[in-house]
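Read through the structure below, which is laid out as C-alpha coordinates, and then see the notes.
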Amino acid sequence: MLPRMTDKPFLKTLAGEAVWPPPVWLMRQAGRYLPEYRAVRDKAGGFIALCTTPDLAAEVTLQPIRRYGFDAAILFSDILMVPWAMGQDLRFAEGEGPLLTPIKDQAGLDALDVAAVPERAAPIMETVRRVRAALETDHPGRALIGFAGSPWTVACYMVEGRGGGEFPLARRMAFRDPEMFAAVMAKLESATLTYLLAQAEAGAEALMLFDSWAGLLSPSGFRRWVIEPSVRLATALRKARPDIPLIGFPRLAGPLLQEYAAAVSVQAVAMDTGMDPAWAARHVPPQMALQGNLDPQAVVAGGPALEAEARAILEAMRGRPFVFNLGHGIVPPTPPEHVAQLMQILRAA
Ligand code: CP3
(Lines give C-alpha, C1' and ligand atoms only; values in the text may rest on other atoms or scores of the structure.)
Protein backbone atom coordinates (compact mmCIF):
# COMPACT_ATOMS: atom_id res chain seq x y z
CA MET A 1 0.00 0.00 0.00
CA LEU A 2 1.24 3.51 -0.75
CA PRO A 3 1.78 5.74 2.24
CA ARG A 4 -1.51 7.51 2.73
CA MET A 5 -1.81 11.19 1.83
CA THR A 6 -0.96 13.32 4.80
CA ASP A 7 -0.01 16.90 5.53
CA LYS A 8 1.57 16.05 8.88
CA PRO A 9 5.32 16.79 8.61
CA PHE A 10 6.24 13.93 10.96
CA LEU A 11 4.30 11.36 8.89
CA LYS A 12 5.59 12.75 5.59
CA THR A 13 9.11 12.28 6.90
CA LEU A 14 8.43 8.68 7.90
CA ALA A 15 7.06 8.14 4.40
CA GLY A 16 10.53 9.06 3.09
CA GLU A 17 10.25 12.77 2.34
CA ALA A 18 13.11 15.12 3.37
CA VAL A 19 10.92 17.74 5.09
CA TRP A 20 12.86 20.87 6.15
CA PRO A 21 13.06 22.28 8.77
CA PRO A 22 12.70 18.76 10.13
CA PRO A 23 9.83 17.74 12.40
CA VAL A 24 10.71 17.38 16.07
CA TRP A 25 9.58 15.59 19.21
CA LEU A 26 11.58 14.52 22.26
CA MET A 27 11.72 11.16 23.99
CA ARG A 28 10.12 11.50 27.47
CA GLN A 29 8.72 14.87 26.43
CA ALA A 30 5.96 14.41 29.00
CA GLY A 31 7.66 14.07 32.34
CA ARG A 32 9.06 15.39 35.55
CA TYR A 33 10.94 18.36 34.03
CA LEU A 34 7.50 19.95 33.44
CA PRO A 35 5.76 21.47 36.50
CA GLU A 36 2.37 20.83 34.91
CA TYR A 37 3.26 17.09 34.65
CA ARG A 38 4.27 16.91 38.31
CA ALA A 39 0.95 18.48 39.30
CA VAL A 40 -1.11 15.88 37.40
CA ARG A 41 1.08 13.00 38.62
CA ASP A 42 0.50 14.08 42.24
CA LYS A 43 -3.23 14.22 41.58
CA ALA A 44 -3.18 10.69 40.08
CA GLY A 45 -1.46 9.35 43.20
CA GLY A 46 1.10 7.22 41.37
CA PHE A 47 2.62 6.40 38.03
CA ILE A 48 0.53 3.32 37.18
CA ALA A 49 -2.66 5.13 38.20
CA LEU A 50 -1.62 7.95 35.88
CA CYS A 51 -1.04 5.52 32.98
CA THR A 52 -4.44 3.85 33.48
CA THR A 53 -6.61 6.95 34.01
CA PRO A 54 -7.43 8.10 30.47
CA ASP A 55 -8.30 11.73 31.16
CA LEU A 56 -5.10 12.30 33.17
CA ALA A 57 -2.88 10.31 30.79
CA ALA A 58 -4.35 12.21 27.83
CA GLU A 59 -3.75 15.49 29.63
CA VAL A 60 -0.03 14.80 30.26
CA THR A 61 0.41 13.49 26.70
CA LEU A 62 -0.86 16.84 25.38
CA GLN A 63 1.00 19.13 27.82
CA PRO A 64 4.28 19.26 25.84
CA ILE A 65 2.37 19.79 22.58
CA ARG A 66 0.62 22.84 24.04
CA ARG A 67 3.82 24.23 25.53
CA TYR A 68 6.20 23.67 22.60
CA GLY A 69 4.18 22.70 19.52
CA PHE A 70 6.12 19.46 18.90
CA ASP A 71 5.23 17.70 15.63
CA ALA A 72 4.27 14.48 17.39
CA ALA A 73 2.69 13.50 20.68
CA ILE A 74 3.73 10.17 22.20
CA LEU A 75 1.17 8.23 24.19
CA PHE A 76 1.81 8.61 27.89
CA SER A 77 2.37 5.12 29.21
CA ASP A 78 5.40 2.92 29.86
CA ILE A 79 7.09 -0.06 28.25
CA LEU A 80 6.48 -1.98 31.49
CA MET A 81 2.70 -1.72 31.14
CA VAL A 82 2.86 -4.85 28.92
CA PRO A 83 4.21 -7.09 31.72
CA TRP A 84 1.75 -5.33 34.05
CA ALA A 85 -1.07 -6.20 31.62
CA MET A 86 0.10 -9.85 31.61
CA GLY A 87 -0.33 -9.84 35.39
CA GLN A 88 3.27 -9.38 36.56
CA ASP A 89 3.55 -7.34 39.75
CA LEU A 90 4.88 -3.86 39.00
CA ARG A 91 5.48 -0.80 41.08
CA PHE A 92 7.43 2.38 40.66
CA ALA A 93 9.21 3.17 43.91
CA GLU A 94 10.23 6.78 44.49
CA GLY A 95 13.90 7.16 43.59
CA GLU A 96 14.29 3.46 42.72
CA GLY A 97 12.64 3.18 39.34
CA PRO A 98 10.53 0.16 38.39
CA LEU A 99 10.33 -2.95 40.61
CA LEU A 100 8.77 -6.21 39.39
CA THR A 101 8.44 -9.69 40.92
CA PRO A 102 11.23 -11.33 38.92
CA ILE A 103 10.51 -14.34 36.71
CA LYS A 104 12.82 -17.10 37.91
CA ASP A 105 11.20 -20.37 36.93
CA GLN A 106 8.40 -22.20 35.13
CA ALA A 107 5.82 -21.04 37.68
CA GLY A 108 6.72 -17.40 37.01
CA LEU A 109 6.50 -18.01 33.29
CA ASP A 110 3.15 -19.85 33.55
CA ALA A 111 1.66 -16.98 35.55
CA LEU A 112 2.06 -14.57 32.61
CA ASP A 113 -1.38 -14.23 31.05
CA VAL A 114 -1.16 -13.04 27.45
CA ALA A 115 -4.93 -13.35 27.02
CA ALA A 116 -5.48 -10.74 29.76
CA VAL A 117 -3.70 -7.99 27.81
CA PRO A 118 -6.61 -6.53 25.78
CA GLU A 119 -8.81 -6.01 28.82
CA ARG A 120 -6.07 -4.82 31.21
CA ALA A 121 -4.73 -2.43 28.55
CA ALA A 122 -8.17 -1.09 27.60
CA PRO A 123 -7.76 2.20 29.58
CA ILE A 124 -4.53 2.87 27.66
CA MET A 125 -6.41 2.46 24.36
CA GLU A 126 -9.00 4.92 25.64
CA THR A 127 -6.16 7.40 26.21
CA VAL A 128 -5.05 6.87 22.60
CA ARG A 129 -8.57 7.62 21.34
CA ARG A 130 -8.86 10.78 23.44
CA VAL A 131 -5.45 12.13 22.48
CA ARG A 132 -6.01 11.50 18.78
CA ALA A 133 -9.37 13.29 18.89
CA ALA A 134 -7.83 16.25 20.77
CA LEU A 135 -4.97 16.51 18.28
CA GLU A 136 -7.33 16.55 15.31
CA THR A 137 -9.37 19.40 16.80
CA ASP A 138 -6.78 21.49 18.66
CA HIS A 139 -3.40 20.67 17.08
CA PRO A 140 -3.85 19.92 13.38
CA GLY A 141 -0.62 18.75 11.74
CA ARG A 142 0.53 16.95 14.88
CA ALA A 143 0.67 13.14 14.79
CA LEU A 144 0.22 10.55 17.54
CA ILE A 145 2.90 7.95 18.25
CA GLY A 146 2.09 4.69 20.03
CA PHE A 147 4.87 2.49 21.39
CA ALA A 148 6.05 -0.62 23.14
CA GLY A 149 9.35 -1.88 24.46
CA SER A 150 11.00 -4.55 22.37
CA PRO A 151 10.74 -8.07 23.77
CA TRP A 152 14.48 -8.11 24.70
CA THR A 153 14.40 -4.86 26.67
CA VAL A 154 11.15 -5.67 28.46
CA ALA A 155 12.34 -9.23 29.23
CA CYS A 156 15.43 -7.71 30.87
CA TYR A 157 13.18 -5.96 33.42
CA MET A 158 10.86 -8.98 33.80
CA VAL A 159 13.65 -11.41 34.64
CA GLU A 160 15.82 -9.01 36.63
CA GLY A 161 12.91 -7.53 38.54
CA ARG A 162 14.45 -4.08 38.39
CA GLY A 163 16.49 -1.68 36.29
CA GLY A 164 19.43 0.42 37.30
CA GLY A 165 22.20 -2.00 36.33
CA GLU A 166 23.30 -4.16 33.42
CA PHE A 167 20.70 -6.90 33.92
CA PRO A 168 23.08 -9.75 34.88
CA LEU A 169 20.27 -12.17 35.82
CA ALA A 170 18.43 -11.70 32.54
CA ARG A 171 21.58 -12.00 30.47
CA ARG A 172 22.61 -15.15 32.36
CA MET A 173 19.20 -16.75 31.88
CA ALA A 174 19.58 -16.19 28.13
CA PHE A 175 22.82 -18.26 28.26
CA ARG A 176 22.05 -20.85 30.94
CA ASP A 177 18.44 -21.56 30.14
CA PRO A 178 17.81 -20.27 26.62
CA GLU A 179 14.61 -22.32 26.40
CA MET A 180 13.10 -20.63 29.44
CA PHE A 181 14.27 -17.25 28.24
CA ALA A 182 12.87 -17.90 24.75
CA ALA A 183 9.53 -18.86 26.32
CA VAL A 184 9.39 -15.55 28.23
CA MET A 185 10.29 -13.75 25.00
CA ALA A 186 7.63 -15.64 23.01
CA LYS A 187 4.85 -14.63 25.41
CA LEU A 188 6.09 -11.09 25.39
CA GLU A 189 6.28 -10.97 21.62
CA SER A 190 2.70 -12.09 21.30
CA ALA A 191 1.47 -9.63 23.96
CA THR A 192 3.46 -6.81 22.33
CA LEU A 193 1.96 -7.43 18.90
CA THR A 194 -1.57 -7.40 20.35
CA TYR A 195 -0.78 -4.24 22.32
CA LEU A 196 0.69 -2.36 19.33
CA LEU A 197 -2.14 -3.35 17.00
CA ALA A 198 -4.68 -2.18 19.57
CA GLN A 199 -2.95 1.22 19.67
CA ALA A 200 -3.08 1.47 15.87
CA GLU A 201 -6.75 0.52 16.00
CA ALA A 202 -7.41 3.20 18.64
CA GLY A 203 -5.79 5.95 16.55
CA ALA A 204 -1.98 5.84 16.84
CA GLU A 205 -0.54 7.00 13.50
CA ALA A 206 3.00 5.66 13.95
CA LEU A 207 4.53 3.13 16.33
CA MET A 208 7.92 2.99 18.02
CA LEU A 209 9.74 -0.03 19.37
CA PHE A 210 12.08 0.95 22.23
CA ASP A 211 15.05 -1.41 22.58
CA SER A 212 16.93 0.53 25.23
CA TRP A 213 19.18 -2.38 26.24
CA ALA A 214 19.96 -3.81 22.77
CA GLY A 215 23.59 -2.75 23.26
CA LEU A 216 24.14 -5.12 26.21
CA LEU A 217 24.23 -8.14 23.91
CA SER A 218 27.06 -9.83 22.03
CA PRO A 219 26.64 -9.77 18.22
CA SER A 220 25.17 -13.29 18.24
CA GLY A 221 22.85 -12.36 21.12
CA PHE A 222 21.86 -9.20 19.27
CA ARG A 223 20.87 -11.25 16.23
CA ARG A 224 18.90 -13.79 18.23
CA TRP A 225 17.19 -11.61 20.86
CA VAL A 226 16.96 -8.22 19.16
CA ILE A 227 16.89 -8.69 15.38
CA GLU A 228 14.87 -11.93 15.10
CA PRO A 229 11.91 -10.93 17.32
CA SER A 230 11.92 -7.41 15.85
CA VAL A 231 11.81 -8.85 12.33
CA ARG A 232 8.77 -10.95 13.26
CA LEU A 233 7.00 -8.07 15.00
CA ALA A 234 7.67 -5.59 12.21
CA THR A 235 6.60 -8.07 9.54
CA ALA A 236 3.35 -8.84 11.37
CA LEU A 237 2.66 -5.11 11.85
CA ARG A 238 3.36 -4.35 8.17
CA LYS A 239 1.00 -7.11 7.15
CA ALA A 240 -1.84 -6.04 9.44
CA ARG A 241 -1.32 -2.27 9.18
CA PRO A 242 0.77 -1.29 6.14
CA ASP A 243 -0.43 2.29 6.68
CA ILE A 244 1.24 2.67 10.09
CA PRO A 245 5.00 3.43 10.01
CA LEU A 246 7.32 1.87 12.56
CA ILE A 247 10.37 3.43 14.23
CA GLY A 248 13.02 1.08 15.66
CA PHE A 249 15.38 2.15 18.45
CA PRO A 250 18.10 -0.45 19.05
CA ARG A 251 19.98 1.71 21.55
CA LEU A 252 23.77 1.34 21.72
CA ALA A 253 23.75 -1.06 18.74
CA GLY A 254 26.83 0.63 17.25
CA PRO A 255 27.65 -0.72 13.77
CA LEU A 256 25.00 -3.45 14.20
CA LEU A 257 22.51 -0.66 13.47
CA GLN A 258 23.21 -1.31 9.80
CA GLU A 259 22.21 -4.97 10.10
CA TYR A 260 19.12 -4.03 12.12
CA ALA A 261 18.02 -1.47 9.52
CA ALA A 262 18.54 -3.94 6.68
CA ALA A 263 16.65 -6.78 8.38
CA VAL A 264 13.74 -5.19 10.26
CA SER A 265 10.90 -3.62 8.22
CA VAL A 266 11.06 -0.25 9.92
CA GLN A 267 10.43 3.08 8.22
CA ALA A 268 12.83 4.89 10.57
CA VAL A 269 15.61 4.15 13.01
CA ALA A 270 16.28 6.22 16.09
CA MET A 271 19.94 6.99 16.85
CA ASP A 272 21.31 7.03 20.39
CA THR A 273 23.56 9.84 21.60
CA GLY A 274 26.82 8.11 20.68
CA MET A 275 25.83 7.28 17.09
CA ASP A 276 27.51 9.44 14.44
CA PRO A 277 24.64 10.75 12.27
CA ALA A 278 26.93 10.93 9.22
CA TRP A 279 27.84 7.24 9.66
CA ALA A 280 24.18 6.30 10.08
CA ALA A 281 23.27 8.25 6.93
CA ARG A 282 25.79 6.16 4.96
CA HIS A 283 24.70 2.83 6.41
CA VAL A 284 20.90 2.87 6.40
CA PRO A 285 18.84 2.92 3.18
CA PRO A 286 18.42 6.51 1.88
CA GLN A 287 14.62 6.47 2.03
CA MET A 288 14.64 5.26 5.64
CA ALA A 289 14.17 8.17 8.03
CA LEU A 290 16.68 8.77 10.82
CA GLN A 291 15.66 10.17 14.18
CA GLY A 292 17.79 11.64 16.96
CA ASN A 293 20.16 12.23 18.61
CA LEU A 294 20.98 15.27 20.74
CA ASP A 295 22.56 14.48 24.09
CA PRO A 296 19.88 15.07 26.78
CA GLN A 297 22.59 16.65 28.95
CA ALA A 298 23.16 19.34 26.29
CA VAL A 299 19.56 20.40 26.87
CA VAL A 300 20.19 20.59 30.61
CA ALA A 301 23.24 22.76 29.87
CA GLY A 302 21.51 25.03 27.32
CA GLY A 303 23.27 28.06 25.82
CA PRO A 304 25.93 27.87 23.09
CA ALA A 305 26.74 24.19 23.73
CA LEU A 306 23.12 23.23 23.05
CA GLU A 307 23.07 25.36 19.91
CA ALA A 308 26.35 23.94 18.54
CA GLU A 309 25.30 20.31 19.14
CA ALA A 310 21.86 20.81 17.58
CA ARG A 311 23.33 22.53 14.52
CA ALA A 312 25.90 19.78 13.96
CA ILE A 313 23.11 17.18 13.85
CA LEU A 314 21.02 19.31 11.47
CA GLU A 315 24.03 19.75 9.19
CA ALA A 316 24.66 15.99 9.01
CA MET A 317 20.97 15.28 8.27
CA ARG A 318 20.14 18.00 5.74
CA GLY A 319 18.61 16.62 2.55
CA ARG A 320 17.43 13.28 3.93
CA PRO A 321 14.27 12.23 5.78
CA PHE A 322 15.03 13.17 9.38
CA VAL A 323 13.15 13.67 12.64
CA PHE A 324 14.93 15.74 15.27
CA ASN A 325 14.94 14.14 18.72
CA LEU A 326 17.24 13.36 21.63
CA GLY A 327 19.57 10.37 21.81
CA HIS A 328 17.75 9.19 24.96
CA GLY A 329 14.95 10.50 27.17
CA ILE A 330 14.89 14.06 28.47
CA VAL A 331 16.03 14.14 32.11
CA PRO A 332 14.20 15.67 35.11
CA PRO A 333 16.73 18.51 35.78
CA THR A 334 16.14 19.96 32.27
CA PRO A 335 15.04 23.61 32.50
CA PRO A 336 11.86 23.93 30.40
CA GLU A 337 13.17 27.19 28.87
CA HIS A 338 16.11 25.28 27.36
CA VAL A 339 13.63 23.18 25.41
CA ALA A 340 12.10 26.45 24.18
CA GLN A 341 15.59 27.58 23.11
CA LEU A 342 16.06 24.32 21.21
CA MET A 343 12.70 24.75 19.45
CA GLN A 344 13.70 28.25 18.32
CA ILE A 345 16.92 26.93 16.79
CA LEU A 346 15.13 24.06 15.04
CA ARG A 347 12.23 26.07 13.65
CA ALA A 348 14.70 28.55 12.11
CA ALA A 349 16.80 25.79 10.49
O1 CP3 B 1 6.88 11.10 27.06
C2 CP3 B 1 7.16 9.95 26.66
O3 CP3 B 1 8.22 9.65 26.10
C4 CP3 B 1 6.07 8.89 26.73
C5 CP3 B 1 6.05 8.05 27.89
C6 CP3 B 1 7.18 7.08 28.21
C7 CP3 B 1 7.58 6.83 29.53
N8 CP3 B 1 8.48 5.81 29.51
C9 CP3 B 1 7.07 7.54 30.71
C10 CP3 B 1 7.76 7.42 32.00
C11 CP3 B 1 7.91 6.23 27.38
C12 CP3 B 1 7.92 6.11 25.86
C13 CP3 B 1 8.73 5.42 28.22
C14 CP3 B 1 9.62 4.36 27.73
C15 CP3 B 1 10.46 3.62 28.68
N16 CP3 B 1 10.18 3.26 29.97
C17 CP3 B 1 11.70 3.04 28.34
C18 CP3 B 1 12.35 3.11 26.97
C19 CP3 B 1 13.05 4.40 26.71
C20 CP3 B 1 14.26 4.64 27.60
O21 CP3 B 1 14.17 5.61 28.37
O22 CP3 B 1 15.23 3.91 27.49
C23 CP3 B 1 12.20 2.39 29.47
C24 CP3 B 1 13.52 1.64 29.59
C25 CP3 B 1 11.21 2.52 30.50
C26 CP3 B 1 11.24 1.93 31.87
C27 CP3 B 1 11.14 2.96 32.93
N28 CP3 B 1 10.01 3.71 33.19
C29 CP3 B 1 12.13 3.32 33.87
C30 CP3 B 1 13.54 2.74 33.91
C31 CP3 B 1 11.59 4.31 34.68
C32 CP3 B 1 12.21 4.94 35.89
C33 CP3 B 1 13.24 5.93 35.55
C34 CP3 B 1 12.64 7.30 35.61
O35 CP3 B 1 12.88 8.10 34.69
O36 CP3 B 1 11.94 7.56 36.60
C37 CP3 B 1 10.26 4.56 34.22
C38 CP3 B 1 9.32 5.55 34.77
C39 CP3 B 1 8.74 6.55 33.82
N40 CP3 B 1 8.24 6.27 32.59
C41 CP3 B 1 8.57 7.94 34.07
C42 CP3 B 1 7.96 8.48 32.94
C43 CP3 B 1 7.54 9.91 32.73
C44 CP3 B 1 8.93 8.65 35.36
C45 CP3 B 1 7.87 8.29 36.33
C46 CP3 B 1 7.51 9.40 37.26
O47 CP3 B 1 6.73 10.29 36.89
O48 CP3 B 1 7.98 9.32 38.41
TODO: Could you please state how large a percent of the accessible area of the chain is carbon and sulfur, counting protein chains only and using a 1.4 Å probe?
DONE: 54 percent
Open item on the list: Per DSSP helix of 4 or more residues, -39500 (n - 2.57); summed, then divided by the residues of the chain. What does that give at 222 nm, rounded to the nearest 500?
Closed with: -14500 deg cm²/dmol
Task: Reduced Cα scattering model of region 49-111, Debye log10 I(q)/I(0), q = 0.14, 0.15, 0.22 Å⁻¹ - done: -0.55, -0.61, -0.95
- [ ] Tell me the label-point distance for the pair residue 129, residue 166, using the 7 Å Cα-to-Cβ offset, in nm and rounded to one decimal.
- [x] 4.6 nm
TODO: Could you provide, to the nearest whole Å², the per residue accessible area of region 239-337 with probe 1.4 Å?
DONE: 38 Å²
TODO: Take every Cα-Cα pair in region 221-322 and report what % of them are more than 21 Å apart.
DONE: 38 percent
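Working out 0.36 nm times the residue gap between residue 305 and residue 115, then minus their Cα-Cα distance, what length gain in nm do you get to one decimal?
The residue 305-residue 115 span can extend by a further 63.5 nm.
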Task: Cα pair distances in region 1-86, grouped into 10 Å bins until the bin that holds the longest one, percent each - done: 16, 39, 28, 16, 1
- [ ] Pull up the DSSP beta bridges for the chain and report the antiparallel fraction as a percent, rounded to 5.
- [x] 15 percent
Open item on the list: Which residue fluctuates most in the GNM of the chain (Cα springs below 10 Å): 208, 180, 288?
Closed with: 180
Open item on the list: Largest first and in whole Å, what are the equivalent-ellipsoid semi-axes of region 129-240 based on the Cα gyration tensor, each being the root of 5 times an eigenvalue?
Closed with: 31, 15, 12
Open item on the list: Taking θ = phi - 60°, what integer Hz values does the Karplus form 6.51 cos²θ - 1.76 cosθ + 1.60 yield along region 18-33, in sequence order, with x for Gly and Pro?
Closed with: 8, 6, 9, x, x, x, 9, 8, 10, 4, 6, 5, 9, x, 5, 6
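Give me the percent relative contact order of the chain, please, defined on Cα pairs under 8 angstrom at least 6 residues apart.
21 percent
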TODO: Pop a pseudo-label 7 angstrom from the Cα along the beta-carbon direction at both residue 36 and residue 278 and give the gap in nm to one decimal.
DONE: 4.0 nm
Task: Förster-model FRET efficiency, 45 Å R0, residue 347 and residue 263, C-beta, rounded to 0.05 - done: 0.80
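Taking only the alpha-carbon atoms of region 9-347, what semi-axes of the equivalent ellipsoid follow from 5 times the gyration tensor eigenvalues under a square root, in whole Å, largest first?
Semi-axes from the Cα gyration tensor: 29, 24, 19 Å.
The values are calculated or read from the model by the stated rules, or taken from the named source; none is laboratory data. Everything numeric in this text was worked out from a predicted model, so none of it was measured. Using ideal geometry, Cβ is built from the backbone for each residue, glycine included, and neighbour counts are taken over all protein chains shown. Each accessible area value is taken on the protein alone, full model and side chains, heavy atoms only, with ligands, DNA and RNA left out. Shrake-Rupley method; radii C 1.70, N 1.55, O 1.52, S 1.80 Å.
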